Every structure is written in C-alpha cells, then in structure tokens.
1. Suppose the filter is in contact with a helix residue (DSSP H, G or I) (Cβ under 6 Å, 6 or more places away or on another chain), within 14 Å of another protein chain (Cβ to nearest Cβ) and crowded, with 18+ Cβ neighbours inside 10 Å; does residue B:37 pass it?
2. Only one residue in B:252, B:210 is surrounded by fewer than 17 Cβ atoms within 10 Å (Cβ to Cβ), without any contact (Cβ under 8 Å) to a residue 12 or more places away in the chain and over 27 Å from residue B:145 (Cβ atoms), so which one is that?
3. Those residues that are in contact with a helix residue (DSSP H, G or I) (Cβ under 8 Å, 6 or more places away or on another chain) and part of a helix (DSSP H, G or I), I need them from region B:133-143; list them, please.
4. Tell me, yes or no, whether region B:139-146 has at least one residue that is surrounded by fewer than 18 Cβ atoms within 10 Å (Cβ to Cβ) and more than 12 Å from every other protein chain (Cβ to nearest Cβ).
5. Condition first: surrounded by 15 or more Cβ atoms within 10 Å (Cβ to Cβ), touching a strand residue (DSSP E or B) at 6+ places or on another chain (Cβ under 9 Å) and part of a helix (DSSP H, G or I). Now tell me which residues in region B:179-202 satisfy that.
6. All but one of (1) surrounded by fewer than 15 Cβ atoms within 10 Å (Cβ to Cβ); (2) in a helix (DSSP H, G or I) hold for residue B:152; which doesn't?
7. For region B:259-363, give me every one of the strands (runs of 3 or more DSSP E) that falls completely inside it and has 2 or more residues that are more than 17 Å from residue B:244 (Cα to Cα).
8. Can you tell me how many residues in region B:274-287 are surrounded by fewer than 20 Cβ atoms within 10 Å (Cβ to Cβ) and either farther than 19 Å from residue B:229 by Cβ or touching a residue at least 60 places away in the same chain (Cβ under 8 Å) (or both)?
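The values are calculated or read from the model by the stated rules, or taken from the named source; none is laboratory data. The model shown is predicted, which means the values in this text are computed figures rather than measured ones. Positions of Cβ are backbone-derived with ideal geometry, glycine not excepted, and every protein chain shown enters the neighbour counts.
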C-alpha cells in the first residue's frame, strides 16, 4: 500500500528551504547570499482555529444527537438499578440513590412469564441454540452459492440468481403458513431445528448476493492462476477465496447474528413455549399482566436481551475494520 | 523444428459474437512466439484457449503432440503468467510457488528443490518468506514467473506480463525474460500490445486483428515486408508515411505516381513479377527518409516545410508538410532543425512498401 505524502506535516519538500546554489541564483535580484528569503506575510502551514464556527456546528450537532440517542439507554440502566419505591417517585432521570442489582438477577433467573418462572435464562440458551447453527449454516451455504455463481458460471446461473434475489422481495407474511405446513409434514414443526432451517433459508438471498458480489470483485486472473495450478472447485474455495474474504464473512456474520437474535415473528410461530427464543421470553415478561409492573426488572431484561448484538458489534466492529484494511492490500 | 503447439481450425464464439475464426497456428519447440495486436483483437482469448481457461467452440489444440482440447488447464503441461501477477495474497512467495505442486501431490522434498531452483534462477531467494503485498511490482512479477517455472512445463504462456510495470522495470524484466528463454529453451507464447516487446523478444510475431492472424513472420520480415497496410501501420513509431496514387508505366519503367511526384520502382521487390497497374498506397518508414547531403543522392527527392520537431536525444522526429501531405521523418539526434525551416529530403523507393488500394494487401 502506498502512503499518501503528508503535504502539510512539515515535509522537507515544503519547508521552504530555498535552493541557494541553484544555477539561477545570479538572476535573483537582491537575494542575500546566506539569510532566509522569507518575506512578511503568510508562510508555511495555514493555521486552523479550534473554535471556528464550522467546528462548533459539527461538534455541537454530534453531541446533541448522541445525547438524544443515549438518553433512553441511560434511563433504562438507571431505572434497572433502582428499587421499586424509588421508581414510584417518578423521577426517571434521577440517578439511583440506593443501587441494587436485584432486578437484574430477577430478570435473568426468576421473572415469571405466564408459564414458568426461570426468567430470561431459558430464552437466552434457546436463542444461542438457534443462533449458532443458523449463522454457521447460512453463511456456509451462501458463501459457496456466491462463489459458484461468481466464478463457475453454469447454464442458467443468471436465472437462478435472479430467482434467488426475487425471493428477497417476497414479504415474510405470505410464506408463514405454507412453511408451517411444510415443517409439520417434515416433522420439524415446533422444534429448534425447524427454526434453524427457516432462518437459514430466509438468510439465503441477501447473503448469496453479498458473497457473489464480493467474489466477483476478486480478480479473475487469481481464479485462472489457481486453475492452471490444478486447484479444483473446493480447493480454490477453501485455499484461495475464503482466506481472502474475511471482511465479507464478518459482514455476513453481523447481519445474521443481529437478524436472527432480534427475530420475534419466526420464533413465536415455529417453536413452542419451552423453546421460545429470548425475544419472545422478554415480551412475555414485560407484557405479563399479573401483579404490579416491575419497571426495573423489565428494563434489566431488555438490556440483557440487547447485550448480544451489542457485544457482536463491539467485537467484530474492530475485526471488521481490520479485515477491510487487510483486504485492501491485494497481491 | 518439431511443433510444440499446434492449433487447428480453432474457433470461439460467445453467443453470436465470433472472437476467433478458424484459426491455424503452429509453434515450434523452443520457439518464442509473440501474439501482437490492439485490444480486442482476440490475442488474450487465444492464449486463454491454449491454457484451457476458455472452452473452444470448434477446432483442436495440440500441445507436445497430445490433443489437449478437452483437458483441464493443469493437465496441459503449461505455466502461465498474468498481467496482474495474480499472486495469492494470503500465501508467501514460497507458498505461491508451491501451491500448484502441492495440488499435483508431489513429495515435499521435490517441492522444496523445485522452489529453490526457480527462486535461484529468478533471484528471488530472499523474498521467499514474504507476502505478495510486501513486494514491489517487479518482484511480484518475478514471483509470478517463478510460479510458472516450478511447474517444469514445456510451454510458458505470458498474458501481457509487463503491462502493469513502469517503463524502466519493463525494460529490465523484458531482458530477463529473454535471458530466461535463452537459458531454458522452452516454448513461450507471449501476448502483448507493445510492439517494442514484440520486436525484441520474438522469434516470430503473429499480428492479430478481429480474431484472425494477419501475418506470422520474424520481426525483421514484419518490419521490412509487412503483408498488409494494417500491419505496416501497426509496427513502427512514428507510423509509416503513406502516399496515395497508382502504379503505372512512365519513362520506360514501372513507377508509382502520387499526386505530383513520381517514384521509380525499378528496384522494388514485387511479390508478383508482373504487378497489376492500378490504385495503390506507397508507404515509407520515417527512418528510411534521408535529408541533408544524403538527400541529394537519393532516387526520390522532395522538399517540405518543417511543422513540428520532437527531439528525443537519440533521434529527432520532424513532422513535415510536403505537397499537401504530412510526413514524419526520423533524423539524427543532433540534427539542427527548427519549425518553419524548409527541408530537402529524399528516400529510396526500394525500401518502400506498396499496398493495393482495394484489398490493402502487399503487392
């Protein structure tokens, strides 16, 4: 990777050292032989004001917007750390006087839905059991799909791709009932594997598109060279394409993890109560109509549920940037 | 010379688009053949067909006497070098070199020996443990050549290997490729659009246009006796000067009659002993024009006004307008001419090239 020269960073070239020994020296009228030739007026790097109107506008807007978005999170965390008596005072922005982690414990292990009282933990483990195989399976299949569509054009591959993409535009709701019947016939209805299958299939169009476009941007000559080197379909995929494609795998993983973790509709329809994913469990806790509304427990449960996608963003965000940077240095 | 590669009636079309048309070509054992042409002439396509990266629509390809028309690229006994180097970015240079050998299932010991040998030939031994990203353009292309070298192939295919390099490196690596050929005596097919590469490297050049080979001959032959006007224009820079006119009898001999000049053709080597009179092009290369005192002895003398001078150091190019026509002349590098001068110049018509006006073929 070539680095752009820093024109402003005191680069020697621009430091204003006059070439005193140049052949045209004699032609310069009245230039002193040794002293600097600098005259009055602007010289060197242009000074920048820190408190310019532009900076105030930009940073002001950024601060206001981020406060606006962070406020709900603040309220949630603050509320989840208060006891019920403190919440009843109604000061939702006030920091907790008496910090308690009891609502978090309750949300995780004791909160009651209509049917059981294990809190979110049951839903969490269900969600993990759904998430891991769905993400791995859908990315594995879609990447091979995309690779085949980009590099091994076969008769009708364009049509196949078009049909797959059209699939992305059909509303989910249309397919819900047919899939219920399909899963029932296959004996998978109400099981986690049935839901994994559904997630894998629904992830296919967008992921295939993603991988196809990425692999199509890999230079064709690389693929040709590998063929001359005697590598076959799988060998090129595993030894050449996959190692080059970390960024797109990370992107696909982020998409799938957030999508599947946040899914509510499929979880509610294709599983049964003791296999409900975390989102459904959360809903059942928050919306349970018995007794008093425990705002602190609800807030804690909501933050807990959102924690997984949040962590994924934090971890892979860094990996993602690194992946892109590594991908930019192509051989 | 035994044929190393034979291509019989090869054709390739993408749908209704015919890229290669009924093409025949024989390449001798150890020959360096250059496929030369402007972009879109089918030269890279032909190379890809020989490599097996494109399926042909018709015809046959023989490599080393074996019919490889339906063979996989890796089974054809070829090594290939690409314009963009096409090194595997996640592997070291050594990994790149050994990838094909590992796929072929060679024993580790032999892989290491072959990689070391190729690295030695190309002087990339210190780079073996580096990734391609940490190499310069010239080093990358050397590694890419190494990848072809380790395969111990009979035939090397080069697809514009120097086009991504800067001028200086290109000249250096060109010499290295030539030396490599002299050392290895492999058959090499080299695709380029650069006529200097073609002229310097080739044993024979095939000039291609529209999926056909227009002329297949030694660089000297192509330069001195181009088979058609297109070839004559393509080779040489600045391009050949052309006069429109006709061939006819004048003063007891055959002559070429341009608008107001007559070039005697007594010494011109016609393809056919009895050339037909008729409309034709007369072409003469800028470097075959002479000026100054030499011009006085030339069989044809002309006079013109210098419009533009391009001093190159080694030579000087001058654009001259003479008898309503623009002509380029190559002169000595130290020649003292400036725009606006009137210049006497001349040439020997025997060094010219005459092409039929209708067919544009050499007569």
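1. Here the answer is no, as residue B:37 does not meet what is asked.
2. Just one listed residue meets the conditions, B:252.
3. Those that are in contact with a helix residue (DSSP H, G or I) (Cβ under 8 Å, 6 or more places away or on another chain) and part of a helix (DSSP H, G or I): B:137, B:138, B:139, B:140, B:141, B:142, B:143.
4. no
5. The answer is B:180, B:181, B:195, B:197, B:198, B:199, B:201.
6. Unmet condition: (2).
7. Values: elements: B:262-264, B:278-284, B:289-291, B:300-311, B:315-322, B:325-332, B:342-347, B:353-356.
Strands (runs of 3 or more DSSP E) meeting the threshold: B:289-291, B:300-311, B:315-322, B:325-332, B:342-347.
8. Narrowing region B:274-287 to residues surrounded by fewer than 20 Cβ atoms within 10 Å (Cβ to Cβ): B:274-279, B:287.
Checking which are either farther than 19 Å from residue B:229 by Cβ or touching a residue at least 60 places away in the same chain (Cβ under 8 Å) (or both) leaves us with B:274-276, B:278-279.
Qualifying residue count, region B:274-287: 5.
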